[in-house]
Amino acid sequence: MKQSWKLALVVIVLGAMTGIAQAGTISLQWDSVAMADGYRIYYSTTSGQFNPQNYHQVGRVTQTTIPSLQDCTMYYLAVKAFNSLGESDTFSEEISGWARPTLAATVNTVRQGSQVEVEISGTNFMSGLDVEVDNPNVYVDSVTASACNTLVVGLTVEPLSAGVRAAETGSFALSVINPD
């Protein structure tokens, strides 16, 4: 006799990215189910159509990272719990998203007191994404994902103090967060 479980898929972390993010991965977590021995995370490129042989299986954990996904592709994911009696009859709520964005190393010279557009190469840049900078003197003015592998970021670099002549700022890190 099969048991029925209710799964609540609560969080998906698709976007936070730095230059060392794992390419082709989606990370997610869900609520635990009583008496589950493990979980199967089904994924597909078509909503609601999960192949019974296409899943990522984990034990008694409530988070995982799905590896080896194609870049610039929308994935749909849902979870089922299982134990020695079998697999749950129903899927969790379906979620969707692209694999994590990744950045190729980008070297640009930006001077204090200037505005500049920087073209960034990488993967999985979705329309509507957000870019964050780790330097309080650098502001993101605009972000355009011109293709899933090209991002144009408008930046303003403020001088450190009034009356100081513009000079090179040094380095700063960008983070790219997809909207899903």
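The values are calculated or read from the model by the stated rules, or taken from the named source; none is laboratory data. If you're wondering where the values come from, they're calculated on a predicted model, not measured in any experiment. Don't worry about glycine lacking a Cβ; one is built from the backbone with ideal geometry, like all the others, and counts go over all protein chains shown.
So here's what we get for this one:
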| item | result |
| --- | --- |
| Hits in the range 35-57 (condition: outside any loop (DSSP other than H, G, I, E, B) and either without any contact (Cβ under 8 Å) to a residue 40 or more places away in the chain or surrounded by fewer than 11 Cβ atoms within 10 Å (Cβ to Cβ) (or both)) | Ile41, Tyr43, Ser44, Tyr55, His56, Gln57 |
| Candidate set: the range 37-84, residues that are small (Gly, Ala, Ser) and farther than 29 Å from Gly122 by Cβ; chosen: the one farthest from the chain's Cα centre (by Cα) | Ser84 |
| Residue count for the range 66-85, restricted to those that are under 25 Å from Pro179 (Cα atoms) and either among the basic types (Lys, Arg) or touching a Leu at 6+ places or on another chain (Cβ under 8 Å) (or both) | 5 |
| Flag if Arg60 is outside the structural domain of Trp30 (by TED's automatic domain parsing), free of Cβ contacts under 8 Å to residues at least 60 places away in the same chain and basic (Lys, Arg) | no |
| Residue that is farthest from Gln63 (Cα to Cα), among those in the range 17-46 that are at pLDDT below 90 and small (Gly, Ala, Ser) | Gly19 |
| Flag if Thr73 is outside any loop (DSSP other than H, G, I, E, B) and of a type in the set (Val, Ile, Thr) | no |
| Contacts under 9 angstrom Cβ, first residue in the range 17-34 being on the phi < 0 side of the Ramachandran plot and surrounded by 18 or more Cβ atoms within 10 Å (Cβ to Cβ), partner of a type in the set (Gly, Ala, Ser) and modelled with pLDDT of 85 or more, 6 or more apart | Met17/Gly122; Ile26/Gly97; Ile26/Ala99; Leu28/Gly97; Trp30/Ser92; Val33/Ala81; Val33/Ser88 |
